[in-house]
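In what follows, a single structure is set out as structure tokens and then discussed.
The values are calculated or read from the model by the stated rules, or taken from the named source; none is laboratory data. Treat the numbers as computed from the prediction; the structure is a model and nothing was measured. Reconstructed Cβ throughout: ideal geometry from the backbone, glycine too, with neighbour counts over all protein chains shown.
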Amino acid sequence: MTVLDLPLTFLTLVRTRAHAAAFPVSAQLVVVTLALPISVFSLWYYYLRTSNASKAPALPNVYVAGTDGGKRSVAEARKHFVHHCGEIMREGYEKTQGGFFYIPTPAGDRLMIPTKYMEELKNAPDELVDFTGSFLEMFSGKYTTIGVKWHLHPNVVKKDLNANLALILPDVEDEVYHAFQTLLPKHDDWTPVRIADLFTDIISRASNRMLGGKELSRNREWTATSIDFTTDTWLASQRLKRFPALLRPLAQYWIPEMDQVRRHQAVARRVIKPLMERRLAEEDNRHSDLLQMLWEGARGSDKTPDFMAYTSLAISFAAIRTSSSVPTHLIYDLCARPEYVEPLLEEIDKMLKEEGGRFTKAGLSRLVKLDSFMKESQRFNPLSFLTFGRLLHKDLRLHDGVVIPAGTMIGLPAYAIAHDPQFYGPSPETFDGFRHVGGSAQFVTTNAANLAWGYGKHACSGRFFAAGEIKMIVAYFLLHYDFKFAKEDMPRPANIAFELQNMADPTVEILVRRRERQ
């Protein structure tokens, strides 16, 4: 993005909306005239933002990663950061030997914290070390609603869903089977398949079966909304960040993706609200799904069908964003390393024989080789390069006297830590799919070496369901389909990095064919 992008984008949107609304020429001139001073202000603001974006005083003598020891300016490092976050993070981590360093994000310098402070930060009160504030900043939550009133579902998932996984997984298994039968061809010929789209669709159906039963998982309008809401909120947040905070209340009405976000919210009210009203009218309105648990856990103003509609979108965002990328990365890794397929199949077959052909909670927990491969794939392909994002509301004094100023955005450099020999031995750059077999840490474990799910009380509460769901989907795919890259010499598709996010390339097609199980 150049310095001119912001005002030009604003003027383009103004002009487009003026025409779309069929304004007379005089009205268009008024709107564009009003936009000109806004654009000039935006240009000035953007210059300040990129030249000195940090909102808090910097710690003295702390290295800014990506500046190459002063050879590159901080403004240049910010531009480089957009598509090279992982590289910059590892450079800062290695240069400081795991100490403090800043990463130059376009929104401001973010302080990376050494792992030795994890425990005391984990136990700090939210009023001081704020998880929600960081999340709201990342996803422009004031406008997209991501992170707003997200107090009910994390607690219900942690307390109720996790305790009832054994009861819920059979329905999820049924949905996974139905999804594969519906979405993949039944013939035995090699067929090109965009695997990211396939797994996103299956994850959406399976997650919605868990959320509200077949009434949600088989509702195509709802499953499409739950997928597109995830994409549109992310795109909307990125576009909103191009505008200074002062202009975002206005800009939100000129951004096409924000229109889509509002449409998704309308669909949620149209689908979830009557579903909840029908349930409440039933004499026996007990249902074995997350919506039932949310209703029973809600209090006060949260106990309304409208709030259930809002919360259902929030859950879809969390479930699909977190889970859909993992099987995509994993299949790309298996296409690049087909020698792992056979031992994984042997383990899956053995488990199914022991469990009467069903994917039970106990059986899934015994898929230790698959669990290890998932964890190794995630180590190389995390959803985010950073975890434990927090905003400090007051000065924070650490146990050794270091004081971090109020207003600082902090985080843990998870991607760099995942390649540290201290945690992963002498060959952290080697992909070893069975590296974690026999170890105490599983795919869902959170500790200093494995931060993909976050850490502390705000670690992803739905990771246990996600792990079971992903294992089930990948195991079914391995059992029933052959797959390979479209070309024999094709390398593993490169990931797409954008700021802190790390995505599997969604455009890649692999060849898939159905096969009969022996």
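Go through segment 385-403 and count every residue that is of a type outside the set (A, V, I, L, M, F, W, C), surrounded by fewer than 19 Cβ atoms within 10 Å (Cβ to Cβ) and part of a strand (DSSP E or B). Talk me through it step by step, then tell me what you get.
Start the filter on segment 385-403 by keeping residues that are of a type outside the set (A, V, I, L, M, F, W, C), which leaves 387, 389-390, 393-395, 397, 399-401.
From the residues that got through so far, the ones that are surrounded by fewer than 19 Cβ atoms within 10 Å (Cβ to Cβ) too are 393-395, 397, 399-401.
If we keep only those that are part of a strand (DSSP E or B) as well, we get 397.
Number of matching residues: 1.
Taking Ala406, is it small (Gly, Ala, Ser), under 21 Å from Tyr102 (Cα atoms) and part of a loop (DSSP other than H, G, I, E, B)? Break it down into steps so the answer makes sense when it comes.
Working: small (Gly, Ala, Ser): yes; under 21 Å from Tyr102 (Cα atoms): yes; part of a loop (DSSP other than H, G, I, E, B): yes.
So Ala406 passes the test.
Kindly establish whether Asn285 is under 28 Å from Leu167 (Cβ atoms) and modelled with pLDDT of 95 or more.
Details: under 28 Å from Leu167 (Cβ atoms): yes; modelled with pLDDT of 95 or more: no.
The answer is no for Asn285.
With the requirement that a residue be of a type in the set (A, V, I, L, M, F, W, C) and either surrounded by fewer than 23 Cβ atoms within 10 Å (Cβ to Cβ) or not in a helix (DSSP H, G or I) (or both), what does segment 212-237 give you?
Here is the first cut: in segment 212-237, the residues of a type in the set (A, V, I, L, M, F, W, C) are 216, 222, 224, 227, 229, 234-236.
Ala224, Ile227, Trp234, Leu235, listed by residue number.
Whether any residue in segment 362-374 is closer than 24 Å to Glu175 by Cβ, among the aromatic types (Phe, Trp, Tyr), part of a helix (DSSP H, G or I) and in contact (Cβ under 8 Å) with a residue 12 or more places away in the chain is what I want to check. Reasoning before the result, please.
At the first step, the residues of segment 362-374 found to be closer than 24 Å to Glu175 by Cβ are 362-367, 370-371, 373-374.
Next, from what is left, pick out any that are among the aromatic types (Phe, Trp, Tyr): 373.
Within this subset, residues satisfying the condition of being part of a helix (DSSP H, G or I) are 373.
Restricting the remaining residues to those that are in contact (Cβ under 8 Å) with a residue 12 or more places away in the chain gives 373.
Yes, some residue in segment 362-374 is closer than 24 Å to Glu175 by Cβ, among the aromatic types (Phe, Trp, Tyr), part of a helix (DSSP H, G or I) and in contact (Cβ under 8 Å) with a residue 12 or more places away in the chain.
Going by the structure shown, is Arg337 out of contact with any helix residue (DSSP H, G or I) (no Cβ under 7 Å at 6 or more places or on another chain), buried (at least 19 other Cβ atoms within 10 Å of the Cβ) and among the basic types (Lys, Arg)? So that I can check it myself, show each step before the final result.
Numbers: out of contact with any helix residue (DSSP H, G or I) (no Cβ under 7 Å at 6 or more places or on another chain): yes; buried (at least 19 other Cβ atoms within 10 Å of the Cβ): no; among the basic types (Lys, Arg): yes.
Considered against the rule, which asks whether it is out of contact with any helix residue (DSSP H, G or I) (no Cβ under 7 Å at 6 or more places or on another chain), buried (at least 19 other Cβ atoms within 10 Å of the Cβ) and among the basic types (Lys, Arg), Arg337 comes out as no.
Yes or no, residue by residue, for (1) touching a residue at least 12 places away in the same chain (Cβ under 8 Å); (2) within 29 Å of Leu211 (Cβ to Cβ):
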residue	(1), (2)
Ala452	yes, yes
Tyr455	yes, yes
Gly462	yes, yes
Ala475	yes, yes
His480	yes, yes
Lys487	no, no
Ala494	no, no
Arg513	yes, no
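With the condition kept exactly as written, say whether any residue in segment 136-155 is farther than 30 Å from Ile496 by Cβ and in a helix (DSSP H, G or I).
Initial filter on segment 136-155 (farther than 30 Å from Ile496 by Cβ): 149, 151-152, 155.
If we keep only those that are in a helix (DSSP H, G or I) as well, we get 152, 155.
Yes; the residues of segment 136-155 include at least one that is farther than 30 Å from Ile496 by Cβ and in a helix (DSSP H, G or I).
Please go through (1) of a type outside the set (D, E, K, R); (2) assigned to a loop (DSSP other than H, G, I, E, B); (3) surrounded by 16 or more Cβ atoms within 10 Å (Cβ to Cβ) for Ala475 and return the number of the only condition it doesn't satisfy.
The failed condition is (2).
Those residues that are part of a loop (DSSP other than H, G, I, E, B) and among the hydrophobic types (A, V, I, L, M, F, W, C), I need them from segment 447-472; list them, please. Even if it seems obvious, please write down each step before you answer.
Initial filter on segment 447-472 (part of a loop (DSSP other than H, G, I, E, B)): 448-449, 451-455, 459-462.
Within segment 447-472, Ala448, Ala449, Leu451, Ala452, Trp453, Ala459, Cys460 meet the criteria.
Specify which of the listed residues (Leu352, Leu364) is more than 30 Å from Lys273 (Cα to Cα) and surrounded by 20 or more Cβ atoms within 10 Å (Cβ to Cβ). Let's see the steps before the verdict.
Details: Leu352 fails: surrounded by 20 or more Cβ atoms within 10 Å (Cβ to Cβ).
On inspection, the qualifying residue turns out to be Leu364.
Condition first: surrounded by 13 or more Cβ atoms within 10 Å (Cβ to Cβ) and in contact (Cβ under 8 Å) with a residue 60 or more places away in the chain. Now tell me which residues in segment 420-436 satisfy that. Before the answer, list the steps.
Step one: list which residues in segment 420-436 are surrounded by 13 or more Cβ atoms within 10 Å (Cβ to Cβ), which gives 420, 423-424, 428, 431-436.
Matches in segment 420-436: Asp420, Phe431, Gly433, Phe434, Arg435, His436.
Is one or more of the residues making up segment 79-96 surrounded by fewer than 16 Cβ atoms within 10 Å (Cβ to Cβ) and at pLDDT below 80?
No.
Quick one: which helices (runs of 4 or more DSSP H) lie wholly within segment 282-340 and hold at least 1 residues that are in contact with a strand residue (DSSP E or B) (Cβ under 9 Å, 6 or more places away or on another chain) and more than 26 Å from Asn155 (Cβ to Cβ)? If you could, list the steps in order and put the result at the bottom.
Numbers: elements: 290-297, 305-323, 325-336.
Qualifying helices (runs of 4 or more DSSP H): 325-336.
Condition check ((1) closer than 29 Å to Phe180 by Cα; (2) free of Cβ contacts under 8 Å to residues at least 60 places away in the same chain; (3) of a type outside the set (Val, Ile, Thr)) across all residues:
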{"residue": "Phe229", "(1), (2), (3)": "yes, no, yes"}
{"residue": "Ala236", "(1), (2), (3)": "no, no, yes"}
{"residue": "Arg242", "(1), (2), (3)": "no, no, yes"}
{"residue": "Arg270", "(1), (2), (3)": "yes, yes, yes"}
{"residue": "Arg278", "(1), (2), (3)": "no, yes, yes"}
{"residue": "Ala281", "(1), (2), (3)": "no, yes, yes"}
{"residue": "Asp289", "(1), (2), (3)": "yes, no, yes"}
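Would you point out which residue out of Leu247, Leu198 is in a helix (DSSP H, G or I) and without any contact (Cβ under 8 Å) to a residue 60 or more places away in the chain? Quick ask: steps written out before the conclusion?
Working: Leu247 fails: without any contact (Cβ under 8 Å) to a residue 60 or more places away in the chain.
Exactly one of Leu247, Leu198 is in a helix (DSSP H, G or I) and without any contact (Cβ under 8 Å) to a residue 60 or more places away in the chain, namely Leu198.
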